[in-house]
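In what follows, a single structure is set out as structure tokens and then discussed.
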Amino acid sequence: MSEHPYSQIECSPTQTDARLVDSVLLGELRQDGICDRALNGWRFLILAEIANFAALRRHLGKARSETLIVDFGARVREALPDARVVAVGREMLEIAFESGARLALDVAIAALEGAFESPFDIDGETHDIQPRLGGAAAAPHRDEVHLIEAAEQALAEARIERTPVALDVAGSTEAIDRAQLVRDLPVAIENEELFLQYQPKVHLRRQQITSVEALVRWNHPTRGLVLPSDFIPLAEETHDIVPLTLWTIRRSIEDQKILSRAGHDLRVFINISGVLLADAWFVRQACTLVEQSGAQLGFEITETSVIRDPESAIANLKVFAEIGIVIAIDDYGAGLSSLAYLKQLPARELKIDKLFVTQLTSSNRDPLIVRSTIDLAHALEMEVVAEGVETPAAMALLSVMGCDMIQGFLISRPINIDALIHFLDDGKALALATDVRAPFNRLATVWKRA
Ligand code: C2E
Ligand code: CA
Ligand code: CA
């Protein structure tokens with residue numbers, strides 16, 4: 001039995017072979033022979049929250065609002081009788097089920113939307129309970145953690161896009177046939193199968209989003225979403241990284257124009273692999289693209305990439321800096337660090353690797369490393385970005401330490417350009433950054449005493 005006070009409210013009996021919507025959907029699919037994964041068992045998790053909880057609570061009072069989740073859960077159980085439904089708070093349900101068909105997730109989401117179309121009778125009054133839905137699908141070989149992460153990401157996107165979002169857990173390296181990916185990659189670049197997501201960086205003192213980082217993804221025609229860690233290293237080996245990065249620069253320039261037309265002038269940072277820093281042809285092409293467009297770009301590079309061929313890397317970085325590209329040192333602390341090179345780089349930003357940031361408030365050593373890195377960067381007249389900020393406590397501590405900017409799931413996951421525009425219009429991130437003050441004050445004392 002779970003310890004959570006709400007978790008007992010709506011637990012269905014465990015049904016290990018729960019096959020949601022199979023009766024409706026899979027019968028047809030199997031007959032058609034379409035569903036070749038029927039026996040492999042896709043797993044699904046939908047996070048459903050009461051979108052209008054605050055309004056209902058104001059209307060119904062605190063005591064009644066505490067049990068709204070029971071009404072919410074009952075309606076979900078009616079719509080999806082074979083799913084396991086667990087309350088994880090007074091506003092949210094986890095809905096888990098399995099099926100032989102990937103399509104079951106979309107069918108379930110549609111069923112849930114339909115179920116909430118009719119109003120509720122709450123203590124004799126009629127009220128709408130509006131669900132917000134984020135769902136994820138995991139193929140058989142994917143683990144539970146990836147499924148939960150994907151469902152959380154889907155819900156975060158659903159909050160921004162105000163529509164249900166369904167995501168697939170990305171394919172993993174083990175499952176991916178590298179040789180095939182290598183063959184597919186040049187075609188992917190030509191066929192526009194790659195796309196960019198953007199993750200904002202928030203300036204803590206200015207309480208403003210000052211820039212975004214572009215992160216590439218591959219929408220593979222048969223494998224679904226493939227993340228960069230599965231294909232960037234391959235692209236570096238085959239040198240497809242050159243056309244890939246030029247595509248990224250072009251796309252970022254176009255998206256920056258779209259952002260600007262929507263009233264948001266932001267610098268766009270692009271990740272530049274080390275192998276490109278010694279490639280004179282790439283450097284010329286990249287400079288031409290940037291100069292012709294007048295775009296405000298930044299390049300994120302790792303120190304390790306400079307150490308490989310310092311002379312040409314430093315010379316090329318200076319060329320980039322001279323035409324107005326802001327250089328940021330990425331993943332600082334994760335690889336080899338050399339103060340000798342750090343001083344010579346024309347970098348204006350230093351990004352502390354998320355390895356140190358995600359454990360900031362639970363480790364004794366990491367706060368000291370982060371603190372001294374911030375001081376070092378400031379001494380070298382660089383601004384500091386902490387990446388991988390996931391909790392308000394980490395944000396507060398970083399703020400006290402004098403960190404200039406933060407980036408991480410707490411502010412936003414990487415999102416598509418449309419969602420980014422919604423996000424910027426909403427000003428939610430700024431509200432979050434303002435919220436830092438309460439924990440900030442508390443942690444300031446802790447930090448000073450430590
Ligand atoms: P990176 O540059 O260090 O990018 C940050 C990675 O951390 C991203 O993963 C991002 O989704 C993830 N992340 C962001 N916030 C958080 C957080 O709060 N917690 C945690 N745990 N993770 C967070 P992603 O998108 O999978 O990118 C992985 C790496 O792939 C990037 O690491 C970068 O090195 C590389 N990459 C991405 N796009 C490109 C590209 O266009 N070109 C090149 N050369 N490399 C790229
Ligand atoms: Ca980066
Ligand atoms: Ca990084």
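Couple of notes before you dig in:
- Rounded Å value of the spacing that divides the Cα centres of the stretch 213-275 and the stretch 82-105: 33
- Per-pair calculated FRET efficiency, R0 = 56 Å: ALA55 and GLU311 via Cβ, rounded to 0.05: 0.35
- Accessible surface of CYS287, taken over heavy atoms with a 1.4 Å probe and every protein chain present, rounds to 10 Å².
- In this structure the amide hydrogen of PHE269, modeled in the peptide plane, comes within under 5 Å of the amide hydrogens of VAL212, GLU213, ALA214, GLY298, none closer than 5 places in sequence on its chain.
- The stretch 212-334: relative contact order in percent, alpha carbon pairs under 8 Å with at least 6 residues between: 22
- Exceeding the 21 Å Cα-Cα cut-off - candidates LYS257/LYS351; LYS318/LYS351; LYS201/LYS351; LYS318/LYS354: LYS257/LYS351; LYS318/LYS354
The values are calculated or read from the model by the stated rules, or taken from the named source; none is laboratory data. This is a predicted model, so every value here is computed, not measured. Note that we place each Cβ from the backbone using ideal geometry, even for glycine, and neighbour counts take in every protein chain shown. Surface areas here come from the heavy atoms of the whole protein model, side chains and all, with no ligands, DNA or RNA. Shrake-Rupley method; radii C 1.70, N 1.55, O 1.52, S 1.80 Å.
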